[in-house]
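Enquirer: Before I ask anything, here is the structure I am working with.
The values are calculated or read from the model by the stated rules, or taken from the named source; none is laboratory data. Treat the numbers as computed from the prediction; the structure is a model and nothing was measured. Ideal geometry is used to build each Cβ from the backbone, glycine not excepted, and the neighbour counts take in all protein chains shown. Surface accessibility is based on the protein's heavy atoms, side chains included, excluding ligands, DNA and RNA. Shrake-Rupley method; radii C 1.70, N 1.55, O 1.52, S 1.80 Å.
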Amino acid sequence: MSTIKSLILGSAAVIAASAGAQAADLPVKAKAVQYVKICSLYGAGFYYIPGTDTCIKLGGYVQADWNINGGNYNKPAWDETAGTNGAGVFGTGSRNSDYFNTRARVQLNIDTRTATEYGVVRTYWSSNFEHSTGFGPSSGNLTMDYGFIQFAGFTFGKAASTFQTPWASVGANNNTSFLIGGSDNLTGINKVAYTWQFGNGLSAELGVEDNKVITRAPVLNASAFPVAAQSAASMAYLGAGTIAGARNGTGGQHSPDFVGNIRLDQAAFTAQLSGAVHNVSANYYATGAGAIGNETLGHPGDAWGWAIAGGLQLKQIPTGPGDKISLDFTYSDGAPKYVIGGVTGNTFDKFSGSTDFAGSYQSFAAVNLYDGVYANGSGIEKTKVWGFRGGYVHNWTP
């Protein structure tokens, strides 16, 4: 009897073991392994860098532009520098101007956040890789629009100017580049700034910014400027943008710009008031028309220009969700690049010519933008510029 009992128990054990082995062989859905941990502290798209407490977000876009009767990046035809077949050609609409331009651009940005016992440290970098009309078959252009560090209210590096409104640098779409009438520093400016957050959407910022190119125009020495210009050659001399008066009338960079703003961000609107103080420095007096500055003649003292701006953006309008109306008004005295700014370079030339095609046209206008004007023995007379601009954005689809 005990033998039969042992056989029965042994058979039961074998059956149980066999059943267990078959169950283990069945396919079972494995638990997902999260190789990169999601970081939800700073919004969607952030992940922890493995082995660190730093969160990172990668972003970017690709765009393809075809522009008819205009330059790339929404540059209007009235800007002579929009053409690629020689400086000054495009605005004239002549036979040697391009009827269209194209551009392919890849933008990449990297945003990191690291929590420390003293606050969050943020780094941000944004660059463009692009190929446009006029480039070689395998050549292109690389730019760095932004590259900055933010920590405990401070911003160090290349970032949006403290002076401009938040909607002046909008990136891939709704671009305001070359829309004169207000600060349009789309590619950032080297600066050190501090931002105060007072709560309920109210903030203020003070900054010190490098004005070498973005917000600094030349100074004209009228005594070195050939006022009587009759020949085609002298007309080209006036319009080239590198005339002796413009080139030799400008002094060195003696001081950065001091800027500030106060802003109110609400669900229905954003309002901002901005101000800037701008140094205007001149070179030496000149011996006459077309002459360079002469150290023995002395020079005018530095002047201080300034600019103020007010902006209002309405964000809840009945035409659709996300639609916006943006308005800017800017006035400057000795700081015109705050009104006619952006990626226009150190001079503002419209329909100007050069010796490459002097005499091709019957007539055209040449205009240069200056921080100020002076003559031998006189001080700097600052230029005054004001502008108003507005924009409307409509979202056709979500």
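Enquirer: So, for region 109-167, what is the accessible surface per residue at a probe of 1.4 Å, expressed in square angstrom?
Expert: Averaged over the residues of region 109-167, the accessible area is 49 Å².
Enquirer: By how many nm would the segment from residue 138 to residue 54 lengthen if fully extended, with 0.36 nm per residue of separation less the alpha-carbon distance?
Expert: Extra length from residue 138 to residue 54 when fully extended: 26.6 nm.
Enquirer: By average Cβ neighbour count within 10 Å, what is the ranking of 310-319, 329-338, 58-67 from highest down?
Expert: 329-338, 310-319, 58-67
Enquirer: Right, next: Which part of region 257-301 falls in the paramagnetic zone of residue 208, meaning amide N under 12 Å from the point 7 Å along Cα-to-beta-carbon?
Expert: Under cut-off, by backbone N: 257-259.
Enquirer: A further question on this structure: Tell me, what is the FRET efficiency for residue 323 and residue 264 to the nearest 0.05, using R0 = 22 angstrom and their Cβ-Cβ distance as r?
Expert: Rounded to the nearest 0.05, the efficiency is 0.65.
Enquirer: Hey, which of these cross-link pairs are over 18 Å Cα-Cα: 158/315; 158/384; 191/315; 158/212; 191/384; 191/212?
Expert: Cα-Cα > 18 Å for 158/315; 158/384; 191/315; 191/384; rest within.
Enquirer: Ok, one more. What list of ³J(HN,Hα) couplings, whole Hz, do you get for region 315-329 from phi and the Karplus terms 6.51, -1.76, 1.60, once you set θ to phi - 60° and write x for glycine and proline?
Expert: Those phi angles translate into 10, 10, 10, x, 7, x, x, x, 5, 9, 10, 10, 10, 10, 9 Hz.
Enquirer: Here's another thing I want to ask about it. Using each residue's phi in region 381-387, evaluate 6.51 cos²θ - 1.76 cosθ + 1.60 at θ = phi - 60° and report the 3J(HN,Hα) Karplus result to the nearest Hz, with x for Gly and Pro.
Expert: 9, 6, 8, 10, 9, 9, x
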